Amino acid sequence: MKITKLSKNYHRYEIQGDGLKYEQPIYFTSDTHFDNSKTDLKAFKEFLDDCKSNKGLIVFNGDTMCLMQGKYDPRKNKNAIRPEHNNDNYIMSVIDDLVDFLTPYANNILQFNQGNHETSVSTRMELDVLELLVSKLNSKCGTKIQLGAYMGYIQLAFYNNHKSSGRVCNIAYSHGHSSGVVTKGTTVIQRYASIFPDADIIISGHNHEQWIVKHQQFRLNTLKKKMENKTQWHLKTGTYKEEYMNGSGWAIEKIGVPKSIGSIKGVINYNSGKDLDYNFSFI
C-alpha cells in the first residue's frame, strides 16, 4: 500500500486489489476509552479479531485512550483507574499497555485520529500523547500507521492488478461536537454535509451513539456530464465504555441514556469500470 501524507489532516492510501473485482473491509471505531475501568475490553478485542480475520483496515477516530486520572486533571476519579495503571508513571503505562494490546492488529490499522480526551491531556502535558502511541506502535511493529487530526480527510484510491480503472473513496472524519440526548446527534448530519460536500463517507463519534444514515445529494457529475442522485454515508461509531450497569456515576447523575457498545464495519466493493459500492453494519 502506498501512503501519502498530504497534510496533517489529509492522508491518501492507494489499495491495489487482486483482479478486476474485489472487496475491501474497513472498520471504523471511536471512544474506546481503553484505560477506563468501565470499558468492555472483551468486546473491543472481539472487534479487533473480526477485523484481522477478514483482512480489514481500521480507522480509530478519537478517544482511543481516556487518560483522565492524571494528577492535575479535574475530571479524575479513583474508581475509574485500572489497577495496572495506578502508578507514578500513569500516562506512559497506559500508552505502553495499549501498544501491547494492539500489537497483534498493527498491520490492520490505517490511522489514529485525535479525540477530545487526547487533545485535552496533550494540552496539559505539552506532549502529543497520540503521536507517542503511534510512534511506539510503529517502532515496535515496523508499520506505517498514520496520525490524523481532530477533523480531516482520508482518501482511499482503489486499483485493480493492472493499476488501471482507479476509483476514489473520500472519507471525512471529525471526532464529533454535539451530544443530542433526544436526537442522538443526528442533527449534525446536515452540518457535516455542508462542511464536507465532497465526502462519500463521513464518520464521527464523541457522544457514544451508534447509527448509520444515508443522506442523498443532487450532484452534477462534470466528468460524465450528467446529474446524479448520490448517497453520502454518515456513520456514528459507538463506544466501548459501559457507564450504565452499576447504577451510579456521571452518566447516571446527568440522566444520560444507555449507549451502544460496538463499532461499524464497512465493505467497499470495487468493480472495474463501475462506481464503488458500500455496505455498512454494526459490530
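The values are calculated or read from the model by the stated rules, or taken from the named source; none is laboratory data. Keep in mind that what you see is a predicted model, and the values were worked out from it rather than measured. Every residue, glycine among them, receives a Cβ derived from its backbone with ideal geometry; neighbour counts consider all protein chains shown. Ligands, DNA and RNA are excluded from the accessible area calculation, which covers all protein heavy atoms including side chains. Shrake-Rupley method; radii C 1.70, N 1.55, O 1.52, S 1.80 Å.
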Trypsin sites (Lys or Arg not before Pro) within the range 30-105: DSSP coil, no more than 15 neighbouring Cβ in 10 Å: LYS55, LYS71, ARG75, LYS76
What angle, in degrees between 0 and 90 and rounded to the nearest 10, separates the Cα long axis of helix 90-102 from the longest principal axis of the Cα atoms of the chain? 40 degrees
Only sites in a loop by DSSP and with at most 14 other Cβ atoms within 10 Å count here; which GluC sites (Glu not before Pro) in the range 56-145 make the cut? GLU126
Which lysines have a Cα less than 25 Å from the Cα of LYS230, not counting those fewer than 8 places away in the same chain? LYS21, LYS184, LYS214, LYS265, LYS274
Mean Cα-pair separation over length for the chain, i.e. relative contact order, pairs under 8 Å, 6 or more apart, %: 24 percent
Please compute the per residue accessible area over the chain with all protein chains in place, 1.4 Å probe, rounded to a whole number of Å². 49 Å²
Taking the Cα centre of the range 51-140 as origin, sum charge times position over the Cβ atoms of Lys and Arg (+1) and Asp and Glu (-1), and report the length of that vector in debye to the nearest 20. 220 debye
Cross-link partners among aspartates and glutamates for LYS45, C-alpha distance below 16 Å, same-chain residues fewer than 8 apart left out? ASP31, ASP35, ASP97, ASP100, GLU242
Taking the Cα centre of the chain as origin, work out the dipole magnitude from +1 charges on Lys and Arg Cβ and -1 charges on Asp and Glu Cβ, in debye rounded to 20. 960 debye
The range 1-50 and the range 179-196: distance between their alpha carbon centers, rounded to Å: 23 Å
Which of the listed residues, MET1, SER122, GLN216, is farthest toward the dipole's positive end in the chain, when Lys, Arg count +1 and Asp, Glu count -1 at the beta-carbon? GLN216
How about the range 1-96: which chymotrypsin sites (Phe, Trp or Tyr not before Pro) there are in a DSSP loop, with at most 11 other Cβ atoms within 10 Å of their Cβ? TYR72
How much of the accessible area of the chain, probe 1.4 Å, is carbon plus sulfur, in whole percent? 51 percent
What is the dipole size for the range 1-87, taken about its Cα centre, with +1 at each Lys and Arg Cβ and -1 at each Asp and Glu Cβ, in debye to the nearest 20? 360 debye
Taking amide H atoms as placed 1.01 Å from N in the peptide plane, list the residues 5 or more away in sequence, or in a different chain, whose amide H sits under 5 Å from that of ASN113. PHE60, ASN61, GLY62, GLY148
For the chain, the longest principal axis of the Cα atoms and the Cα long axis of helix 116-125 enclose an angle in degrees, to the nearest 10, of 60 degrees
